[in-house]
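The values are calculated or read from the model by the stated rules, or taken from the named source; none is laboratory data. The model shown is predicted, which means the values in this text are computed figures rather than measured ones. Every residue, glycine among them, receives a Cβ derived from its backbone with ideal geometry; neighbour counts consider all protein chains shown.
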Ligand code: AKB
């Protein structure tokens, strides 16, 4: 099978690890990494890399034709906290990049698209616990509005033009290899670094802000699994709820303390608290489990072990 993959936004938190994993599966030269900035991690050096502005339709098309791309993973986006500071920039990036890729798929330049949505599509009026796939969705952030709008467009392009677009609503993602950029769930990565470096952390979310989260390996596995699933198995063409673990700053602190008993946390909530308050505590992802066999692997404590074991060398 002639499969060639383009990752747009490959230098970001998910893109970097996704590129590495897809290259392991398909071979380095079948997976083209691209981003608006150079790779600073050194993790994208094993295969082709292109500087690419996801909002530049001609440039995206050019790379798709040049490399005979079949599948696109569009990982470029402005996340929740940064998007509140630059609303129009976030809207333009998050929407225009999606339209570029959907239109290229509609015009048969590519076969398949992965586009990430987020738990940010939910809002303050959504049921907080075990949030169902279909429920009240009144997002109050620029990022959430852009993701919910994107979901409606994905489903529209599938129904109208038979575009094979697949999507999951990522929770907060935690990785030791790459850092998140500008999200509300970023504290859950930073806390491990600070625990090792300073033995204390000042949290921008309060102790009881429970949010849905996931270890990055689970997220990468889910992303590739939904893309590999037979077309008929994908029954939701907006975006699937996806869940693994849920915890708050107090619970992650307790998990870290099993390894670093002297670790201390204090709380100075900022504007991100309001964003966190509007998101669910936990997510029901039964449909992803039923339709394409999703199952998460990592618990909070397993993730803590991995994070601390792998970050220790840095400090
Ligand atoms: C964010 O916090 O903005 C992201 C997300 C949950 O989509 N991590």
Problem set entry | Qualifying positions in the range 190-208 - touching a residue at least 40 places away in the same chain (Cβ under 8 Å) and within 18 Å of residue 81 (Cβ to Cβ) | 191, 193, 201, 202, 203, 204, 205, 206
Exercise. Got a number for residues in the range 72-92 being in contact with a strand residue (DSSP E or B) (Cβ under 9 Å, 6 or more places away or on another chain) and within 15 Å of the ligand (Cβ to nearest atom)?
Worked result: 6
Exercise. Quick check, is residue 19 modelled with pLDDT of 95 or more, away from the ligand (no atom under 15 Å from the Cβ) and under 23 Å from residue 213 (Cβ atoms)?
Worked result: yes
Problem set entry | Residues located in the range 230-250, provided they are surrounded by fewer than 16 Cβ atoms within 10 Å (Cβ to Cβ) and in contact with a helix residue (DSSP H, G or I) (Cβ under 7 Å, 6 or more places away or on another chain) | 233, 235
For this session: Could you list, in sequence order, all residues of the range 34-73 that are under 13 Å from residue 9 (Cα atoms) and not in a loop (DSSP other than H, G, I, E, B)?
Result: 34, 35, 49, 50, 51, 60, 72, 73
Seminar exercise, completed: Looking across the range 93-131 at residues that are more than 16 Å from the ligand (Cβ to nearest atom) and under 19 Å from residue 219 (Cβ atoms), the single one that is surrounded by the fewest Cβ atoms within 10 Å (Cβ to Cβ) is 112
Problem set entry | Matching residues, the range 188-207, being buried (at least 23 other Cβ atoms within 10 Å of the Cβ) and part of a loop (DSSP other than H, G, I, E, B) | 205
For this session: Please find, within the range 132-153, the residue that is farthest from residue 285 (Cα to Cα) out of those that are touching a strand residue (DSSP E or B) at 6+ places or on another chain (Cβ under 7 Å) and surrounded by fewer than 24 Cβ atoms within 10 Å (Cβ to Cβ).
Result: 151
Problem set entry | Pick from the range 176-187, criterion buried (at least 22 other Cβ atoms within 10 Å of the Cβ) and in contact with a helix residue (DSSP H, G or I) (Cβ under 6 Å, 6 or more places away or on another chain), ranking: modelled with the lowest pLDDT | 180
Exercise. Looking at 299, 255, 278, which is the one that is closer than 13 Å to residue 213 by Cα and either more than 16 Å from the ligand (Cβ to nearest atom) or in the same structural domain as residue 199 (by TED's automatic domain parsing) (or both)?
Worked result: 299
